[in-house]
Each structure stands twice: as C-alpha cells, then as structure tokens.
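The values are calculated or read from the model by the stated rules, or taken from the named source; none is laboratory data. What you see is a predicted model; the values in this text were computed from it and never measured. Ideal geometry is used to build each Cβ from the backbone, glycine not excepted, and the neighbour counts take in all protein chains shown. Only protein heavy atoms, including side chains, enter the accessible area calculation; ligands, DNA and RNA are left aside. Shrake-Rupley method; radii C 1.70, N 1.55, O 1.52, S 1.80 Å.
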Amino acid sequence: MPQNVKEIFSTPPPIVHNQYETVRELFSKNVVPSYGRFDLVLSHGMGSYVFDVGGKRYLDLGSGIAVCCLGHASPDITEALVEQSKKLIHVSNLYFTEPQGRLAGEIIKRIGPGKCFFSNSGAEANEGLFKLARKFGHDEGRFEILTAVNSFHGRTMAGIAATGQDKVKKGFEPIMPGFRHIPYNDLEAARNAISPATVAIMIEGVQGEGGVTPATAEYLLGLRALCDEKKLLLLMDSVQCGYYRTGKFMSYQRILEGVPGGEKFLPDGLSMAKSLGGGFPIGAFWVRGPYADLLGPGMHASTFGGTPLACAVALKILEVVDRDKLDQNALKLGAWMQSELDRLADKYPTVVKGSRGIGFMLGLELVEKIPALAASDKTQAVQVVNRLHAAGVLTVPAGTQVIRLLPPLNLKPQEAGEGIAKIEEVVKALV
Ligand SMILES: Cc1ncc(COP(=O)(O)O)c(C=O)c1O
C-alpha cells in the first residue's frame, strides 16, 4: 500500500474469518430472523458455481432467485461497476444522467413504444404500476386491481395486498384495500370479477413463487381484449419471468410466438427487477405510450432509482446478452433441461410428477406424499432442495411440491448436464 493511502485511512479492523459458526452467530445475534434460510454459509462464486466457507462447491441453478443472469464474479459486470464508479455513482433524480436515459431506450427497444421509471427492487417496481393504475382511474373513482390466486408481487404493504397467497398477509392486517384475486388462466373468472371500481388487471407471465405456471396464449390475448373492452390497464409483473429467462426479453413474447394476433400484443405496464441488474439492485417499470406521462413531476420518486452505477451495469448486461446470444442459450439449453426433467418423470414416476415452465424458468414437480420424505415436518420441496445441497446443487423451492431451476443465462451445456445428473442422483435415492 503506498504511503499516502496508509496515512489517509486508519488501520482496518482484523479480518473476521467467515467460518460457519461465526457467521451463524452474527446472524442469530444481529439479523432480523424474517427469512427461513438454508443451512449454508456462502463465501464466493465464479461463473455458475458458488463456494461455501468450508470450500465446498455448488452448481448454482437458482441464480439468487433469478437474479445473477451472468453468473457470479462476471468480468463484464465488474468492468462496468469499476468504470462507472470512477465517473459517477449517484447524483439523485434531481438531475439528468446519460446511463438512465440510455437504459430506458434499450428497454423500450425490446418491448415497444413507451417510457420507463427506475426503482430499486421488484416490489417497488410493482408499487409504481399500482400508483399508475390508481392515477389512471382516479377521476372516475376507479382504483381496484385484480391479481391472480397464487401470484407473488412483493413484500411491501401494497405488494402483500396484491399477492394472491394468504401466507404473506397473515399478521399484517388490515390489508391495504383495492386488490382482489382471480383464478389464474381463467378468462371467464376475470370477466366476472370486474366491478365498476376495477381499473387494472395484473398478472405474472409465468407465476414463479406460486409454482412455475405459464400463462396460456389464449389467456394473454383474452385479457388484452377484455382490458380494452372495459378500459382497464393490463399490467404484467415480469420481475422473475422477464429479462430473457424464457428465451425472449419478456415472457409474453415467448408465449405468444407464432400465435395469430400475438405479434400485436402489448401490455400497458411491465415491472422488472432481478436479472435487470444481475445482482446489483435495480428495478424498473415500462409503461405503454398512451399512459407514459400519467405520472408527472412530483408524483412518484425514489432517491436511488436508476443511479448511473446501476444503469451502467444493466446496460452492460443487455450488451452481453446480445453479444453472447444468451437468449438463444436460455431457449435451447432450457428446452434440453426440461426434456431431461420429463425423462426423470418417466423414469421415476413415484418421485417426479413432471416438469413445468419454459426456457430457464423451470420447475420439477414432485409426486405428493413421497414415503421417503414422510418423516420430516418440512415441505417436500424444502427437503429435496436440502438433499440437492448435499449433492452440490443450489435450487429454489416454489410452493410445497416444486423445485425451481433458474440458472444463469450463460449456463454451459456441461454444467446443465452436471446439474441434471445430480438431480437424478437425488431423485433416484427417493424411490
Ligand atoms: C413475480 C415477482 N414479483 C415481485 C417480486 C418482488 O421483488 P423484490 O424481492 O425485488 O422486491 C418477486 C420476487 O421474488 C417476484 O418473483
């Protein structure tokens, strides 16, 4: 260290060894226990792999819940972070900065005419869309947003009100009014649920937390027509299923590919986060042209929204996806992995019920009441995820019966093969 730097900074405290017990103790003493964490203490990663403090290597097929789209320690992300941080990290939205404007342009290019607002997380991106919908219906006294049963829209007060799962609402009553839930993929139910107060319908293109369930093409096209007929905004939460996870930028582009009428489909609002920043926190919503100026100066804001640093990383990710054709990778390797999950269902029918999802948003659905898992009070999904940890693979449970695979978009074929082989090993032991 050069002499002058030593003079400026005082001696740092001694390095605390990130050993398992030490870290666990730090958490139990100091961190709010609001997460049911798995029993792993991770220290670093490289590409599709992460390592725990004991040096054990795991193939990360969860990507930090669909976030680390370029894997871990991506040199591209590091370069973008370093280069931008030398110029400007943050100035607030009191001023204009180039990366935010350019990122909005890149997103719009991939969706359609409209504008973007930047936030820090998925829940916050959805909050923006809820406010947009309320503003849209305000003068007519309309405010109600219909969302789907089994949906997940985040953990803010509006997010839990919007989420179609009771477990996230319990203990936080009174729940914010203005949300009702409708069965997913049921167009008739949507039509019947519309009241004079309804202003919008929000759905996920592929339900994630609810168990990896894609919307059908008929549902998407039907909702679009219904929203046009009833003057409602059609909002899509693309926080998890967006950003090339399905092989296309947005999931509806994949679901409606080749479907007559699909090429004209556009929702009115789309929220995104997760892979948008590849691990650096950033969220956004896109709003379609006619509604793009509904939120005027002073109506919505976030101090950290769209910082030059976050936007530089997000721009780099889009550049890398295009450069390395990672959309094609998600499409092709995802199809192969799904066919392998189906093979496991055929070969081990007493354990695997089938596969779910599209592209790199996949689910392995377990058969109910697997005898080998009966003794534990943990859900089957959690037990299998734990067994996969022991085998050296990270995955994410969805609901009680589904194991989610959300690999990095740059997963290599041999890594996909390794993951499937380890999943098979775990499945076979449950027969
Ligand atoms: C579909 C969906 N919407 C919203 C969220 C909330 O995003 P965040 O955790 O970034 O607030 C999530 C997170 O898992 C999600 O999957």
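Kirkwood Rh over alpha-carbon pairs of the range 36-107, then Stokes-Einstein at 10 °C and 1.306 mPa s: what D in µm² s⁻¹, rounded to an integer? Present the calculation step by step, with values, prior to reporting the outcome.
On the way: Rh = 14.9 Å.
My calculation gives 107 µm²/s for D.
Could you work out the relative contact order of the chain, using alpha carbon pairs under 8 angstrom and six or more residues apart, expressed as a whole percent? If you can, show how the numbers build up before the last one.
Details: 813 pairs, mean separation 88.2, N = 431.
Reported relative contact order: 20 percent.
From the phi of every residue in the range 325-337, what ³J(HN,Hα) in whole Hz does the Karplus formula 6.51 cos²θ - 1.76 cosθ + 1.60 yield, where θ is phi - 60° and glycine or proline is x?
So the Karplus estimates, Gly and Pro as x, are 6, 6, 4, 5, 5, 4, 5, 6, 5, x, 5, 5, 4 Hz.
Looking at the square roots a ≥ b ≥ c of the eigenvalues of the Cα gyration tensor of the range 205-249, which shape do they give, rounded for a/c under 1.5, prolate if a/b is larger than b/c, or oblate?
prolate
Could you state how much accessible area TRP336 has, in square angstrom rounded to the nearest 10, with a 1.4 Å probe and all protein chains kept in place?
The accessible area of TRP336 comes to roughly 100 Å².
What is the local net charge at LYS231, summed over the other residues whose Cβ is closer than 12 Å to its Cβ (Lys, Arg +1; Asp, Glu -1)?
Value of the local net charge: -2.
If you plug each phi of the range 208-225 into the Karplus form 6.51 cos²θ - 1.76 cosθ + 1.60 with θ = phi - 60°, what whole-Hz ³J(HN,Hα) values come out, in order, with x for Gly and Pro?
Each residue of the range 208-225 in turn: x, 4, x, x, 6, 10, x, 5, 7, 4, 5, 5, 4, 5, x, 5, 4, 5 Hz.
For ALA390, what charge total do you get from the other residues with a beta carbon under 11 Å from its beta carbon, if Lys and Arg give +1 and Asp and Glu give -1?
+1
Order of 60-68, 371-379, 209-217, 136-144 by packing, highest average Cβ count within 10 Å first?
So the order, starting with the most tightly packed, is 60-68, 209-217, 136-144, 371-379.
Using just the helices of the chain, give the 222 nm mean residue ellipticity in deg cm²/dmol: DSSP H runs with n ≥ 4 each add -39,500 (n - 2.57), and the total is spread over all residues, rounded to 500.
-11500 deg cm²/dmol
Given H placed on each backbone N at 1.01 Å, which residues far from VAL352 in sequence or on other chains put an amide H within less than 5 Å of it?
Residues meeting the criterion, in which the H sits 1.01 Å from N, are VAL367.
Beta carbons within 10 angstrom, averaged per residue: use that to sort the peptides 306-317, 87-98, highest first. Please list the in-between numbers first.
Details: 306-317: 25.3, 87-98: 12.3.
The most tightly packed comes first, giving 306-317, 87-98.
Beyond 41 Å, what share of the Cα-Cα pairs of the chain remains, rounded to the nearest whole percent?
17
Ordered by residue, what ³J(HN,Hα) values in Hz, to whole numbers, does the range 251-257 give under the Karplus form 6.51 cos²θ - 1.76 cosθ + 1.60, where θ = phi - 60° and Gly and Pro are x?
In residue order, the calculated couplings are 4, 5, 5, 7, 5, 9, 4 Hz.
Take the cross-link list LYS274/LYS325; LYS109/LYS274; LYS115/LYS170; LYS378/LYS422 and give me the ones stretching past 31 Å between alpha-carbons.
In this structure, LYS115/LYS170 lie more than 31 Å apart at Cα.
Tally the DSSP beta bridges in the range 242-397 and give the antiparallel ones as a percent, rounded to 5.
Working: 10 of 11 bridges.
Restricted to the range 242-397, the bridges split so that about 90 percent are antiparallel.
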